[in-house]
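Beneath this line is the structure, given in structure tokens, with notes to follow.
The values are calculated or read from the model by the stated rules, or taken from the named source; none is laboratory data. Note that this is a predicted model, so its numbers are computed, not measured. Virtual Cβ from ideal backbone geometry, glycine too; neighbours counted across all protein chains shown.
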Amino acid sequence: MRAFLIHLAIYVLVIVICAGVNLRLRPDNLWFIWVALGWGIGVAAHGLAFLLRRTHRRERIFIDCKARGFAVHLFAYMAVIALLFVVNLTATPERWWFYWVALGWDAGVLAHAWCVFRKRQPKSARP
């Protein structure tokens, strides 16, 4: 809990500083929002990992640390791709590029899912 609260406090402090600098020097270009959204995904993933670890439910995702790790990875993937889609839409709507990141990261998410959820044979049944 302490690590998450420290992470959250530093996030809020840095975003407030960035907002102050941005609004003082370039109020016509609100760039601090992108910093807040990008870093916010990391803070949210950290919070999700903490929440999944602290619950007392018996489903696999809550008791298996590998399944929890995959859930956090999947959350981060979906949040980052959604953010990149919005960035792509607002910054360069004439040229789509966000899907290349999605396709590359997809491979990592699928490999992670396969490692976590595949059916394993007992060691005694292996040749």
Check your understanding: Going by the structure shown, is residue 68 of a type in the set (D, E, K, R) and surrounded by 14 or more Cβ atoms within 10 Å (Cβ to Cβ)?
Key -> yes
Review point. Among the listed residues 9, 91, 3, 19, which satisfies the condition of being of a type in the set (A, V, I, L, M), loosely packed, with under 13 Cβ neighbours inside 10 Å and more than 19 Å from the chain's Cα centre (by Cα)?
Key: 91
**Study point:** Residue count, the stretch 21-45 (criterion: under 12 Å from residue 80 (Cα atoms) and of a type in the set (Val, Ile, Thr))
**Key:** 1
Exercise for review: Answer yes if at least one residue in the stretch 56-70 is modelled with pLDDT of 90 or more, in a helix (DSSP H, G or I) and touching a helix residue (DSSP H, G or I) at 6+ places or on another chain (Cβ under 7 Å), and no otherwise.
Suggested key: yes
Check your understanding: Of the numbered conditions (1) surrounded by 16 or more Cβ atoms within 10 Å (Cβ to Cβ); (2) among the hydrophobic types (A, V, I, L, M, F, W, C); (3) under 14 Å from the mean Cα position of the chain (by Cα), residue 74 satisfies every one except a single condition; which is it?
Key -> (1)
Check your understanding: How about the stretch 71-97: which of its residues are assigned to a loop (DSSP other than H, G, I, E, B) and closer than 19 Å to residue 33 by Cβ?
Key -> 92, 93
Check your understanding: Is it fair to say residue 105 is free of Cβ contacts under 8 Å to residues at least 40 places away in the same chain, surrounded by 11 or more Cβ atoms within 10 Å (Cβ to Cβ) and in a loop (DSSP other than H, G, I, E, B)?
Key -> no
Exercise for review: Please find, among 25, 51, the residue that is over 17 Å from the mean Cα position of the chain (by Cα) and not hydroxyl-bearing (Ser, Thr, Tyr).
Suggested key: 25
